[in-house]
Amino acid sequence: MTIHNSFHTASRVASIVFAAFVGLMPLTAGADEIALSNVSSTGTALMEQVKSGVEAPGEALFFPASTMQAYKGCTIRTIKVAVCGATDEGRVFVTSDLKGTPLAEQAFTTAGSGWVDVTLDSPYVVDGSAIYVGFEAKGQRFLAYCKRLVADEEWIKCDTLGWKTYDNGSSSAIKAIVDGDNLPRTNVRLGTLRMPAYALRDAQTACEGEFFNLGLDDVTSLTFSYIVDGNVASTETITMSGVKPRSKGTFTLAGYTLSDEGEYDLQLRISAVNGSPDPIDADNRSATKRAVCRESFVQRKMLLEVFSTELCVNCAGAHVAIAEAMKDCDDYVELCHHAGFYTDGLTIDASKDYEWFYKPSNLFAPALMADRTNFGEEYPDYYNYGVPVIEGSGSRARLFHDVAMKIPALVSVDMNVALDRETRMVSVNVKGNQLLPVEGADMARLYVFLTEDSIFTTTQRGALGDFWHRHAARKSLTPSWGDAIDLQEGYDADYSFVIPEEWNIDKMSAVAFVAKYNPDDKNDCNVLNANSIELSDATSGISLTANDHSGEAPHAIYNLAGMRLKALPKTATPGQRKQLYIIDGKKVLR
């Protein structure tokens, strides 16, 4: 079943019941204690429904040895868990194997919902090895979850399959309270990082990101190391007002500098916290990122695809907000698909096909895609569906325009458009070639559309009276998933189409873009460059001739429907009506 929603009421995962739960606010640890947990010190509790027939549902957190080594010799005396109902048979545990004998456990009971503070009769002394910390409780219809701070491995037992890994965007309401003389006072974890993959030679390339304070002390300074091809190239220290324990901080760096053109492997590492080494170094390093350095880059245009229909009550306002947010940008191309929230009279087949980019069975509008790219690694709060489609708004359109424009043109998209107003024939030529390394270049496709702006309507839901549709996709001149092209050899393609009388030529544009297409991965279809030309600016260089085309068969023959023909048609015999064709860019009657 497909779910259609306006985004303000868009559903999350259907199997999860999300609700505020009175009394389930996470508890904090003491001044000389650290809470091993994936949740912050505060947050709203959520609930996961337990399947029928499960006798003792439960949750567990996994902490690897790389984490537990920093707590070696410390003691877990208390485990705090949140339950969603009374239980007379509950237990908390510490174990090295969810199916094995516990290293420590303690029974508990509770008369109702809320946080339960369970003290272990036999505390667990941390030896530095990997452990699971969790609980099971009979009689639970729901399991409590909280707003996630960090995304470590979690497990759940709420159906007949037993223990299985859990990842649904929230975190188990569990805290193992650790005390001892050698608790890590300065322990941070590197979070999301925005480190541009394209750099101008000898120019600093700024970076920004976030970190999590998992230690005892406020964080007042961080030292970063830039690692280039495995070697520390430079360091940078920043200061900040204290970031409290169990909270998230942000940073902005002047960035790295590359002095020679080429391709490099980059990595960022937090090498010191408040001037001291971090006791858990494994979570202070970013993933390795490939960077390209050049003397200069070719500027590109971003493709902004908006999903909207007349049935969507929120779409009218979103269009106005997007227009306002993008009014001073001339380096993007907008393409509106009338899909995502049912269909209307402006829906075309290609737009419906692009619902593939959504998370299955979760369609909504207004929605947008920026270069058909999932920027979730850098902006996880926006890409909570795990696909390139996100909820549409003016602020999001502008934000991801600015993000996308940090990527230069990877290919060229040069356009020439010719228009004959008498016959309403438009001819589009698109050509280009690869400019920078493209991973998966063999998957490149060329897409060409005709769009129409300012389409008047009085039936748009959410609009007060008259409304004008923006940049609606009117015709795809290529198949929905484009025409395959060779980037290294270069491409050169021609398309023609006779524009229907009811379409306003003076409000139309030809849009072309090159994108990868991976039918097995909707997150591997990013746009490499885009371009557009308004038909009112198109040349009128096609001349009408009544003479037969002579000589060898031409390379480009089209009928008035825009269909490319394999051979030159025969000349009409006396009494037959001659037909108009476009042959090598010229009109020919035969």
Anything in the range 496-541 that is under 19 Å from Ser427 (Cβ atoms), of a type in the set (Phe, Trp, Tyr) and part of a loop (DSSP other than H, G, I, E, B)? List them, or say none. Trp503
Within the range 241-251, considering residues that are in contact with a Gly (Cβ under 8 Å, 6 or more places away or on another chain) and open to solvent by less than 40 Å² (accessible area, probe 1.4 Å), the one nearest to Ser40 (Cα to Cα): Val243
Could you check the range 479-497 and list, in sequence order, the residues that are surrounded by fewer than 20 Cβ atoms within 10 Å (Cβ to Cβ), of a type in the set (S, T, N, Q) and at pLDDT 95 or above? Ser480
Return the total of residues in the range 39-62 being within 15 Å of Phe135 (Cα to Cα) and either more than 28 Å from the chain's Cα centre (by Cα) or without any contact (Cβ under 8 Å) to a residue 40 or more places away in the chain (or both). 8
Can we say Glu305 is within 30 Å of Asn433 (Cβ to Cβ) and acidic (Asp, Glu)? yes
Just give me the residues in the range 270-289 being open to solvent by 40 Å² or more (accessible area, probe 1.4 Å), touching a residue at least 60 places away in the same chain (Cβ under 8 Å) and outside any loop (DSSP other than H, G, I, E, B), in sequence order. Ser276, Ala282, Arg285, Lys289
Which of the residues spanning the range 290-349 are closer than 15 Å to Gly462 by Cα, open to solvent by less than 20 Å² (accessible area, probe 1.4 Å) and either assigned to a loop (DSSP other than H, G, I, E, B) or free of Cβ contacts under 8 Å to residues at least 12 places away in the same chain (or both)? Ser308, Thr309, Cys312
If you take the residues in the range 238-247 that are in a strand (DSSP E or B) and not hydroxyl-bearing (Ser, Thr, Tyr), which one is nearest to Val39 (Cα to Cα)? Val243
Residue hits (the range 252-262; under 25 Å from the mean Cα position of the chain (by Cα) and either of a type in the set (S, T, N, Q) or surrounded by fewer than 18 Cβ atoms within 10 Å (Cβ to Cβ) (or both)) are Thr252
Give the range 132-152 a look and list any residue that's among the acidic types (Asp, Glu) and within 15 Å of Asp167 (Cβ to Cβ), or say none. Asp152
Look through the range 371-389, keep the residues that are closer than 22 Å to Leu190 by Cβ and among the hydroxyl-bearing types (Ser, Thr, Tyr), and return whichever of them is most open to solvent (accessible area, probe 1.4 Å). Tyr382
Taking the range 373-407 on its own, how many of its residues are in a helix (DSSP H, G or I) and of a type in the set (Gly, Ala, Ser)? 4
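The values are calculated or read from the model by the stated rules, or taken from the named source; none is laboratory data. Everything numeric here is computed off the predicted structure, so don't read it as measured data. Using ideal geometry, Cβ is built from the backbone for each residue, glycine included, and neighbour counts are taken over all protein chains shown. The protein model used for the area step is the full one, side chains on, heavy atoms only, and it has no ligands, DNA or RNA in it. Shrake-Rupley method; radii C 1.70, N 1.55, O 1.52, S 1.80 Å.
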